[in-house]
Structures are given as C-alpha cells and as structure tokens.
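The values are calculated or read from the model by the stated rules, or taken from the named source; none is laboratory data. As the structure is a prediction and not an experimental result, all values here were calculated from the model. Here Cβ is always computed from backbone atoms with ideal geometry, including for glycine, and neighbour counts include all displayed protein chains. For accessibility, only protein heavy atoms count, side chains too; no ligands or nucleic acids. Shrake-Rupley method; radii C 1.70, N 1.55, O 1.52, S 1.80 Å.
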Amino acid sequence: FFFFNDTATTEIYTEQIVGSVRCVQETGTWGLMPKKQDFRMRAHINPLNSTPFPYPLNPDYVDWSLHYPAIFGKSQQENIKLYLNTGEYPTEYPKEVLAEYNGRGQNKVEFADVGCGYGGLIFALGKAFPTNIVFGMEIRDKLVNFVGEKVRALRIENPGQFNNVSVIRTNAMRHISNYFRRGQLLKLFFCFPDPHFKKSHERRRIINTGLLTEYAYILRPKGRLYAITDVKNLHEWHVQHLDNHKLFRKLSEEELKDDPCIELMWNETEEGKKVARNNGHKFYVVYERV
C-alpha cells in the first residue's frame, strides 16, 4: 500500500509486488523518483550498428496499451508496469496486436521526441498537452530506464497525470517507421542531436535526405518537425536538407508565434538547460509537412 508525503517518498507496510515496484515487508521509506547519477552512461552510440534488441515488424505489432494502460482502460496495477525494451524492463513484438491497441483505433501517439535523453521535453509536453499521447525514443538503455522509472513515479505520485507519457529503447534511425503509421504524427522533435562532427560520420546525423522522407511519411499534412541544436554548423545542415526536401516547408516566426512547443523545446530539455547555464547559443527551425 502506498502513502505519500511532501518529499515524494513511500511508506511501505507489507511485502507485495505491484507491477514492477517491489515493496518490503518491514515498515520503511522508499523514494520513488529515480536519480540521474544512477543512470549515467556515455553520451553517444553509433546508430548504424546492427540492432541488438527487439523491434516490431511493423506498427501492427506494437501494443500501445502496455505503454499507456490508463488511456486504454486498464488497471492502476497495469499502469505502473514498465515495458521499455531494456534488459531490466523487456518487451517483445511476437505477433500482430488487436486494432484497438496497435494505433489503428482512436488512441494513438501524436507527439514523438527522437533521442529524448532524460525526458525533460516529453514530461513538459505531456503536462502541456494532456489530451495528446507523447512518446520518447532513445537508444541508450540506462537513460530509457531512468525515464521509464520517472514516468512510473509521477503516475503514482500524481494520480490521473502523466498517463499520456511513455518511452522506449529503440534506434529511430532504423526503426521509427516500424512504430508509426503513415500520417500519424502531429509533432516530431529532434533536440540537441549528436552533431557527428567528422566528415566521415555525417551519414550518422539524424536529419538527412533519406530519413527526412521517412519522417514525412509518418507526419500528417501540416504536421510539424522541430529541430534545435547548440552547434551552428549542424543547424545550417538542418536548414539545408529541410529546405531541399520537397515535402517540407519552413515556417516563419509569424507562423510560430503562438506555438507553445517552441518555448518547451528551448527551455525544458536537459541539454538545453546545460547550454543556458554555460551561456551558449541555441539555434532552432520548424518545418511543416506539406
């Protein structure tokens, strides 16, 4: 049984397992919120390596009710289980899923953050857009575990909130269209991606001509692609490739003046906060799917 106080801790009175949350028999205090220092790992992974973890054959194999149980009418116990595609919280994609759960029905992901890191943006989006389903995609397993455990903690500590936020370990450069259908997404974010400075590594950049065609496929008409970086050269690369792609149109400052996602993208990511602390520069662009 869970009892909460102002310090966001849990007093545990009986031994049980609720989802993947272990309780101890003796009365004690256990902090729900994960700590970043327990989930540190190297900054980047080569996205061109072969995929060592499961991924769905196509969107029909994705059971979104595992990630958003409350939205799909499942129990509170189900709502705090984690399926992150990591060693600690595995998931599988063995067969096609019922249409009401695989994104063909009314409930489907509409916002995606590629390379979500520690999840700052997806939590901000989930709070700002409570009726939209937000999904983070991250290749680094420890960061995915951190975000997943934070989702679980926030759902427990704030009943009825953050049920629209989840995360998965995956390589979006290889598998983003294995998760999303044609014209599914309203908003697609790329925040402070790896700049891959070496000329020989430019093909690893998350925004390039080939991948932009894939992103155009999963964005609906008038859907928006957001990109922000603190590297001017990478910003210019983003602009060049998006300008040259016939399925995207750059939006003007006037068209963006009422878009709350600009401020969230600018202020809420961990990397963006670090840039601000160091008095660095940020460069962003937003393009519309035509």
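If we sort 277-284, 144-151 on the protection proxy, mean other Cβ atoms within 10 Å, highest first, what's the order?
Highest to lowest by the protection proxy: 144-151, 277-284.
Express the carbon and sulfur contribution to the solvent-accessible surface of the chain as a percent, rounded to the nearest whole number, probe 1.4 angstrom. Write down the numbers at each step before the final one.
Values: 6880 of 14280 Å².
Within the chain, the accessible surface is 48 percent carbon and sulfur.
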*Scale the Cα Rg of region 238-290 by the rule-of-thumb value 2.2 N^0.38 Å and send over the ratio, two decimals.*
1.30
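Note the full-extension length gain between Asn279 and Lys35 as 0.36 nm times their separation in residues minus their Cα-Cα distance, in nm to one decimal. Kindly include the intermediate steps, with their values, before the conclusion.
Numbers: separation 244, 0.36 × 244 = 87.84 nm, distance 2.56 nm.
Between Asn279 and Lys35, full extension yields an extra 85.3 nm.
Loop-only trypsin sites (Lys or Arg not before Pro) in region 156-262, please: DSSP not H, G, I, E or B, and at most 16 other Cβ atoms within 10 Å.
Details: sites: Arg169, Arg174, Arg181, Arg182, Lys187, Lys198, Lys199, Arg203, Arg204, Arg205, Lys222, Arg224, Lys232, Lys246, Arg249, Lys250, Lys257; in loops: Arg181, Arg182, Lys198, Arg205, Lys246, Lys257.
The qualifying sites are Arg182, Lys198, Lys246, Lys257.
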*Please compute the net charge surrounding Pro130, taking Lys and Arg as +1 and Asp and Glu as -1 over other residues with Cβ under 14 Å from its Cβ.*
+1
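Using r as the Cβ-Cβ distance of Glu88 and Lys222, and R0 as 41 Å, what FRET efficiency do you calculate, to the nearest 0.05?
Values: r = 39 Å, r/R0 = 0.95.
According to the calculation, E is roughly 0.60.
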*Using a basic spin-label model with each label point 7 Å from the Cα along Cα→Cβ, how many nm lie between Asp258 and Val290?*
2.4 nm
*Quick one: work out the % antiparallel among DSSP beta bridges in the chain, nearest 5.*
45 percent
*Listed here are the pairs Lys232/Lys273; Lys222/Lys246; Lys95/Lys142; Lys198/Lys273; Lys74/Lys108; Lys36/Lys232; which of them are more than 20 Å apart at the Cα?*
Lys95/Lys142; Lys198/Lys273; Lys36/Lys232
*Full extension from Phe197 to Asn267: what is 0.36 nm times the residue separation minus their Cα-Cα distance, to one decimal in nm?*
22.7 nm
*Would you mind listing how long region 168-272 runs along its three principal axes, going by Cα atoms, in whole Å with the largest first?*
39, 31, 30
*Rounded to the nearest whole Å², what accessible area per residue is found for region 141-290 with the 1.4 Å probe?*
46 Å²
*Top of Cys191, Cys116, Cys261 by mean-square fluctuation, Gaussian network on the chain, Cα under 10 Å*: Cys261
*Among Met137, Met173, Met265, determine the one that fluctuates most according to a GNM of the chain built with springs between C-alpha atoms less than 10 Å apart.*
Met173
